[in-house]
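Please treat every number below as a calculation from the coordinates, not as lab data. Note that this is a predicted model, so its numbers are computed, not measured. Cβ placement follows ideal geometry from the backbone for every residue including glycine, while neighbour counts extend to all protein chains displayed.
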Amino acid sequence: MNRAVLDSAAISSCLWSVPPDALSLENDEVHVWRAPLDLDASQVESLYGLLTAEETARAGRYYFDRDRRRFVVGRGLLRIMLGRYLKAAPERIRLCITPHGKPELAGEDGNQTVRFNLSHSDGLALYAFTRNRKIGVDLELISRHHGDERIPERFFSPREVGALRRLPADVQLEAFFNCWTRKEAYIKAIGDGLSMPLDQFDVSLAPGEPAALLSTKGDPREASRWSLRSLIPAPGYVGALAVEGHDWRLRGWEWPDGSES
């Protein structure tokens, strides 16, 4: 088996490889890229040249230079990746933001079958691509500051809170981030943003347990329509992927640097 390919039963981590020059996205594939956001000045400048006026204006509104650079890199790499799938110049790709904050292809590009989502945390980004199916991805750096608060009781479902609190104390932090990223990935996939409360559906969370959407309120059939996968893009990080359907294969790609390839 190609090191970059995992079947839909994979539950822990992608094996990340540099993609081939002739990259294609088949209808039964999901591609997830991991990429660093902290690049050198020349790479940031090159990526800045790919952004639209609206995107450069948005970059300029960041107060801290590090956040500004990371936005430029994140958006520039997205354009390059989309350019490879759409066979289009990265700077000519039209993007829009939905009312719930989800980026999508716009205009004529919006008629393409490619769907995508992205997430970033502390200098690392994940990008997920597929065709003709909804998709969401989330990434978090594990932080005890967040895991030790009473966030579960505020945002998780009663079923999830119970499952979390029954676990040994030394694995509850990992379980918390498993739950959080899986819920965020699903919310991003359906595109409803915060309009759908996080306690209205249940996900698995115990370390070593397969990622899964267990149930949703209002439609008992909804959970069966979705696949969830856990991702481990780097030590100290937890990621999750939510994809509509089950008949797909996962490929994990490594972005080698900030230059266009």
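Let me spell out the model: positive unit charges on the Cβ of Lys and Arg, negative unit charges on the Cβ of Asp and Glu, origin at the Cα centre of the chain. What dipole size does that give, in debye rounded to 20?
340 debye
Straight distance only, please: which lysines reach the Cα of Lys217 with their own Cα at less than 17 Å, same-chain residues fewer than 8 apart left out?
Answer for Lys217, where 17 Å is the Cα cut-off: Lys183, listed by chain and number.
Normalised by the residues of the chain, what does the relative contact order come to in percent, with Cα pairs under 8 Å and at least six apart?
Normalised by residue count, the contact order of the chain is 29 percent.
Could you work out how much longer the chain between Ser143 and Ala88 gets when fully extended? Use 0.36 nm per residue separation minus the Cα distance between them, nm to one decimal.
15.9 nm is the gain from fully extending Ser143 to Ala88.
With a Cα-only, solvent-free Debye model of the range 68-210, what are the log10 I(q)/I(0) values at q = 0.17, 0.22 Å⁻¹?
Results for the range 68-210 at q = 0.17, 0.22 Å⁻¹ read -0.98, -1.34.
Got a sec to turn the phi values of the range 53-62 into Karplus ³J(HN,Hα) couplings, 6.51 cos²θ - 1.76 cosθ + 1.60 with θ = phi - 60°, whole Hz, x for Gly and Pro?
For the range 53-62, the Karplus-derived couplings read 4, 5, 5, 5, 5, 5, 4, x, 7, 6 Hz, x marking Gly and Pro.
Once amide H atoms are placed 1.01 Å from N in the peptide plane, what residues at a sequence separation of 5 or more from Trp253, or on another chain, have their amide H within under 5 Å of its amide H?
Ser17, Val32, Trp33, Arg34
Normalise the Debye intensity by I(0) for the chain, one equal point scatterer per Cα, no solvent, then take log10 at q = 0.07, 0.08, 0.12, 0.15 Å⁻¹ and round to two decimals.
Log-scaled intensity ratios, in q order: -0.24, -0.31, -0.72, -1.12.
Can you give the Kirkwood hydrodynamic radius of the range 138-261 from its Cα pairs, in Å with one decimal?
15.3 Å
Output wanted: per-residue J couplings in Hz (rounded whole) for the range 120-126, from phi through Karplus 6.51 cos²θ - 1.76 cosθ + 1.60, θ = phi - 60°, x for Gly and Pro.
Couplings: 9, 7, 6, x, 10, 10, 10 Hz.
Can you tell me the 0 to 90 degree angle between the C-alpha axis of helix 172-190 and the longest principal axis of the chain, rounded to 10?
For helix 172-190, the angle is close to 60 degrees.
Scan around Ala125 for amide H atoms under 5 Å from its own, H built in the peptide plane at 1.01 Å from N, and keep only partners 5 or more places away or cross-chain.
Ala35, Leu37
Measure nothing but the geometry: give the 0 to 90° angle between the long axis through the Cα atoms of 65-86 and the longest principal axis through the Cα atoms of the chain, rounded to 10°.
That works out to roughly 80 degrees.
Per-residue counts of other Cβ atoms within 10 Å, averaged by peptide: what ranking do you get for 53-65, 125-137, highest first?
Ranked by mean Cβ neighbours within 10 Å, highest first: 125-137, 53-65.
When the helices in the chain are scored as -39500 (n - 2.57) per DSSP H run of 4 or longer and the sum is shared across all residues, what 222 nm value do you end up with, to the nearest 500 deg cm²/dmol?
-8500 deg cm²/dmol
Explain nothing, just compute: Karplus ³J(HN,Hα) = 6.51 cos²θ - 1.76 cosθ + 1.60, θ = phi - 60°, for every residue of the range 21-35 in order, whole Hz, x for Gly and Pro.
Listing the rounded values in order: 4, 8, 8, 10, 10, 7, 5, 9, 10, 10, 10, 10, 9, 10, 8 Hz.
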